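The values are calculated or read from the model by the stated rules, or taken from the named source; none is laboratory data. Just so we're clear, the structure is a prediction, and the values are computed from it rather than from any experiment. Here the Cβ positions follow ideal geometry from the backbone for every residue, glycine too, while neighbour counts run over all protein chains shown. Calculation scope for accessible area: heavy atoms of the full protein, side chains included, ligands and nucleic acids excluded. Shrake-Rupley method; radii C 1.70, N 1.55, O 1.52, S 1.80 Å.
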Amino acid sequence: MITASIELRQVEVVFPVYNAASLSLKNRLLSAVTGGKIDRQHDGAIIVKGLQDINIMINPGERVGLLGHNGAGKTTLLRVLSGIYQPTQGTAQINGECVSLINIGLGIDPEATGRENILLRGVMMGMRPSAIKAMSEEIIDFTGLGDFIDLPFRTYSTGMQLRLAFAVSTAVRPQILVMDEWLSTGDEEFKERADRRMTDVVSAAEILILASHSRELLLNNCNRLIWLEHGKIRMDGKPEEVLKQYFGH
Amino acid sequence: MNDFSLINTSQARADILSALKNYYLFITLGWQDVATRYRRSRVGAFWLTINMLVMISVLGVVFGTLFRVPVAEFLPSLTIGIIVWGLISGLINEGCGSFITAQETILQVRMPLATHILRVVWRNMIITAHNLLILPIVFLIFMKPVNYLALLSLLGLTLLIINMVWMMLILAVICTRFRDFTQIAQNAMQVLFYATPIIWHAEMLPGRYAQVLLNINPFYHLLNIVREPLLGSMPTTVNWVVSIVMAIIGWVFALAFFNRFRKRVPYWL
C-alpha cells in the first residue's frame with residue numbers, strides 16, 4: 001500500500017455560477033442569435049474564484065485543520081483535497097484512499113431495514129459487500145439497536161438513526177480522512193463511546209483534514225492549521241500561532 | 001502514454017474501467033433503486049409486470065382493431081416492441097438525470113462518474129427482466145413457436161445496451177450543464193416511439209421516402225436485432241451493420257466527449 005500524501009500546486013478553482021437562465025439551452029441559443037453581448041449580462045453566468053494560488057503539501061502524520069469565515073473556501077478546498085473537484089488551474093495529486101465524513105447520512109434509505117442500510121452506507125464509504133458483511137455484527141453491537149436492526153430505518157428515533165449512521169461511517173479506516181466539523185452524536189450515554197471510536201478512526205488515518213470553527217477542537221486534534229480567506233491561504237502553520245492571529249484579529 | 005493517438009480518451013477509459021471493476025457499487029445501488037420504489041407494496045416490483053400487461057392488452061385491442069391485423073400476429077410483436085422500447089426510453093430518460101439525481105453523492109464521495117450511469121442501466125435491466133415475464137404468457141396464449149434463432153436476441157440485447165450506454169454518457173453530461181435538455185430528450189423519445197415500428201409494422205409504410213425515414217432511425221435497427229430473432233426471423237444485414245457501426249463510432253465519440261467534460265461535471269451540479 002502506498003503511503004498517503006497530498007500535493008496541491010498553484011491550484012485555482014473557478015466556479016461558474018449558473019442560475020436557471022444560464023443552465024437553460026434556450027437562453028444560450030437566444031444569446032447566440034441576439035449577438036450575445038447584451039444578454040451575457042442578463043444570463044447570470046457569474047464567475048466566482050473559489051480558490052486561488054493554493055500550494056499545500058501534506059505528508060503522513062499531519063493533522064490539518066482548516067479555518068476561515070463562511071465563504072472563505074473551506075468546503076471547496078475540502079472537495080479539492082478529497083479529489084471531487086479537479087482544479088481548473090494547477091495540479092492536485094492525492095495519493096491514498098480518501099473518505100469524507102461530511103454527511104454521514106448519505107446513502108441511507110429510510111424504507112430499508114437497519115441491516116440493509118449498513119450495506120448501503122458501507123458501499124458509499126467504499127467498502128466491498130463482503131467486508132461489510134464481516135463487520136456488520138460488530139457495527140450492530142456498537143449501535144445497541146438489538147432487534148430493531150431488522151426494522152425499517154424510518155421507524156427509528158432520531159437518536160437511533162444517528163447511531164446507526166455513525167457506527168457504519170466510522171467502521172472504515174481510511175488513509176485520508178476528511179471531516180467538516182466533528183461528528184456530533186447527541187445523546188449522552190452514547191457520546192462517550194462514540195468519541196472513543198471517533199478518536200480511533202482519526203488516529204488510524206495517516207492524514208486528517210478537519211474543517212472547523214471551534215478553537216478547542218482544532219487545538220486538540222490538529223498539528224497544523226491552514227487559515228483561508230477569500231479563497232487564498234492567509235496563514236499556514238502551527239496551531240497556536242495561527243489561532244492567536246485568527247482569534248486575535 | 002497516449003501521446004500518439006489522435007484523441008485522448010485515457011481518463012474517460014479509466015473512469016469507466018474503474019466503474020466496472022467496482023461493479024458491486026452500481027449493482028447494489030441499482031438494485032436498491034428498484035427495491036425502494038416497491039418496498040411498501042405487497043406485489044412489489046411485479047406492479048411493473050402488471051402495468052405492462054394492462055398497457056399491452058389495451059394497445060393490442062385498440063390497434064389490432066384499427067389496423068385490422070390478426071391479433072395472433074400482432075400481439076407477440078407488439079409485446080416485445082413495448083418491452084424493448086420501455087428499456088430504451090427508460091435508459092435515455094433516466095440516463096439524462098444520472099448525474100443530477102446523484103448530485104449529493106458526486107459532491108461528497110470520490111467514485112467513478114460512470115458508476116452513476118451503470119446504476120441506471122442496472123436498474124432498468126431489472127425492470128425489463130420483470131416485464132419479460134409477460135413474454136412467455138403471450139407466446140403461450142397464441143401458441144407462437146420459438147426456434148433456436150431466439151438465442152440471437154441475447155446478442156442483440158447486448159449490442160443494444162452497448163449502444164445505449166454511449167448515448168447515456170453524452171446525454172448525462174449535456175443534461176447536467178443544460179438542464180432543459182432533459183425535456184428535449186424526453187420529447188424526442190415520445191416522438192420516436194411513434195416513428196419506430198412498435199405499434200405498427202414496417203411493411204405498412206408506403207413509398208420509398210418513408211422507408212428512408214425509417215432507416216435513419218437508429219432505434220429501429222436496435223429494436224429489430226432484439227425483436228426479430230424472438231419472432232423466429234433473422235434481422236436484416238442492414239440492422240446488424242448499422243448497430244455495430246453505430247456502437248463503434250458512438251463509443252469513440254462518447255469517450256472523447258466524456259474525457260473532455262468529465263472534470264466539469266461536479267462544478268455544474
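Checking the stated criteria, B:V138 turns out to be over 21 Å from the mean Cα position of the chain (by Cα), surrounded by 15 or more Cβ atoms within 10 Å (Cβ to Cβ), at pLDDT below 95 and assigned to a helix (DSSP H, G or I). For the range A:103-138, name all the residues that are open to solvent by 50 Å² or more (accessible area, probe 1.4 Å), at the interface with chain B (Cβ under 9 Å from one of its Cβ atoms) and of a type in the set (A, V, I, L, M, F, W, C). Across the range A:103-138, the qualifying residue is only A:L119. Annotation: of all residues in the range A:204-226 being among the polar types (S, T, N, Q) and over 17 Å from A:I6 (Cβ atoms), the one that is least open to solvent (accessible area, probe 1.4 Å) is A:S212.
Starting from the range B:161-172, keep only residues that are in a helix (DSSP H, G or I), then list their pairs with residues that are of a type in the set (G, A, S) and crowded, with 24+ Cβ neighbours inside 10 Å whose Cβ atoms are within a distance under 6 Å, requiring at least 6 positions of separation or different chains. Listed by first residue and then by second, the contacts come to B:M168/B:G95; B:L171/B:G95; B:A172/B:G95; B:A172/B:S98.
Filtering B:L29, B:L59, B:L75 for residues that are more than 28 Å from B:P218 (Cβ to Cβ), assigned to a helix (DSSP H, G or I) and of a type outside the set (D, E, K, R) leaves a single hit, B:L29.
Taking every residue in the range B:247-269 that is under 17 Å from B:I100 (Cβ atoms) and within 13 Å of chain A (Cβ to nearest Cβ) and pairing it with any residue that is among the charged types (D, E, K, R) and buried (at least 19 other Cβ atoms within 10 Å of the Cβ), at least 6 positions away or on another chain, the pairs with Cβ-Cβ distances below 9 Å are B:F261/B:R177; B:R262/B:D15; B:R264/B:R177; B:V265/B:R177; B:P266/A:R79; B:W268/B:R177. You will find that of A:V168, A:V178, A:V201, A:V172, the residue that is under 30 Å from A:I2 (Cα atoms), assigned to a loop (DSSP other than H, G, I, E, B) and among the hydrophobic types (A, V, I, L, M, F, W, C) is A:V172 and no other. Here A:T88 fulfils each of the conditions (1) over 30 Å from A:I54 (Cβ atoms); (2) open to solvent by 10 Å² or more (accessible area, probe 1.4 Å); (3) in contact with a strand residue (DSSP E or B) (Cβ under 8 Å, 6 or more places away or on another chain) apart from (1). Among residues of the range A:83-102 being polar (S, T, N, Q) and at the interface with chain B (Cβ under 9 Å from one of its Cβ atoms), the one that is nearest to the chain's Cα centre (by Cα) is A:S100.
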